[in-house]
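Take a look at the structure set out below.
Bear in mind these aren't lab numbers, they're just calculated from the coordinates by the rules spelled out. Note that the structure is a prediction, hence the values are computed from the model and not measured. We place every Cβ from the backbone using ideal geometry, glycine too, and count neighbours over all the protein chains shown.
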Amino acid sequence: MQYNRILLKLSGESLMGEQKYGIDTRCLESYARQIHEIAEMGIQIGIVIGGGNIFRGLSGTNKGFDRVKGDNMGMLATVINSLALSSALDNEGCKNKVLTAIRMEPIGEFYSKAKAMEYLKSGHVTIISGGTGNPYFTTDTASSLRAIEIEADAMFKGTRVDGIYTADPEKDSTATKFDKITYDEIYNRGLKVMDLTATTLCKENHLPIIVFNMDQPGNLKKVILGENIGTIVY
Ligand SMILES: Nc1ncnc2c1ncn2[C@@H]1O[C@H](COP(=O)(O)OP(=O)(O)OP(=O)(O)O)[C@@H](O)[C@H]1O
Ligand SMILES: O=c1ccn([C@@H]2O[C@H](COP(=O)(O)O)[C@@H](O)[C@H]2O)c(=O)[nH]1
């Protein structure tokens, strides 16, 4: 198997499932089952979850919120999602820990690379919540950063589309999918699947990214086994 340790980024917005806001428990359970399946294969798994199903700082500014306070709200939203996933993993019998980028014991232990490595090596799915702990960033950037810190073999971006397209496939039905794409092509084509800070961090640290549809049960295992079902960024 080509992967020993991965960083899985889960979309907060995908957690809504068919709902307009919040967490769809069926979606959460499906994610937990898929994660447990690969944990049992001995893969070390770090996880970062977005917060778009609850709050995004930038959207908050349009409603009159201060940007930094809004971003702090967004980071707290990622902690809520992380605790929900932790609980779903507990129900699955999958050992896991939640770390937080902002100090808030006893909700979760304060993140450090050393702590994350200790849990990963002892077989705990390690959920790293709270983004980077700083405003003006996104959880895509947090995922890239944590993937590099934990020395992951790749970043798996599990989302609700099945890869990277020539345009947003949720908005343009004529868009076509890439099986592989370079970091530079993402910049040159102005593709919005990940923000540029996140793409740059991955490029500079030679971290491959695999974008795939996490809403299809069994897909996470397929990607781990090397099936070419998403898009690889290299
Ligand atoms: N060229 C593109 N190819 C594929 N997806 C794209 C592209 N451009 C924009 N997207 C959008 O990016 C989304 C995937 O990003 P992501 O999983 O981070 O979702 P999100 O809504 O930003 O979630 P969150 O911020 O809550 O984590 C897709 O749902 C798709 O609509
Ligand atoms: O490092 C970070 C990560 C996130 N935020 C804020 O949280 C929300 C939710 O994250 P998404 O990546 O959009 O799902 C984000 O919009 C930011 O407001 C942050 O400030 N710093």
Hz values of 3J(HN,Hα) by residue in segment 121-130 - Karplus curve (6.51, -1.76, 1.60), Gly and Pro given as x: 5, 8, x, 8, 5, 10, 8, 9, 9, x
Please list, by residue number, everything in segment 100-141 whose backbone N is under 18 Å from a paramagnetic label point 7 Å out along Cα→Cβ of T61. 132-141
Using only the Cα atoms of the chain, build the gyration tensor, take square roots of its eigenvalues as a ≥ b ≥ c, and label the shape rounded, prolate or oblate: rounded if a/c is under 1.5, else prolate if a/b is larger than b/c, else oblate. rounded
Expressed in angstrom and rounded, the centroid-to-centroid distance over alpha carbons for segment 1-15 and segment 139-188 is 12 Å
Highest GNM mean-square fluctuation among G46, G17, G93, for the chain with Cα springs under 10 Å, belongs to G93
Percent relative contact order for the chain, counting Cα pairs under 8 Å at least six residues apart, stands at 23 percent
Would you mind classifying segment 149-234 by shape? Square roots of the alpha carbon gyration tensor eigenvalues, ordered a ≥ b ≥ c; an a/c under 1.5 is rounded, otherwise it is prolate if a/b is larger than b/c and oblate if not. oblate
With unit charges on the beta carbons (Lys and Arg positive, Asp and Glu negative) and the dipole taken about the Cα centre of the chain, which residue among Q44, I127, L191 sits farthest to the positive side? I127
Tell me, what is the percent relative contact order of segment 1-72, built from C-alpha pairs under 8 Å that lie six or more residues apart? 38 percent
Going by average Cβ density within 10 Å per residue, which order do the peptides 77-90, 23-36, 128-141, 170-183 take, highest to lowest? 128-141, 77-90, 23-36, 170-183
Backbone N under 14 Å from the T182 label point (7 Å along Cα→Cβ), restricted to segment 205-234: 233-234
Residue span T197 to Y234: 0.36 nm per residue of separation minus Cα-Cα distance leaves a gain in nm of 11.8 nm
Two-site FRET efficiency, S122 against A175, from Cβ-Cβ distance with R₀ of 41 Å, rounded to 0.05: 0.45
Computed about the Cα centre, the charge dipole of segment 5-233 from +1 Lys/Arg and -1 Asp/Glu charges at the Cβ has a magnitude in debye, to the nearest 20, of 280 debye
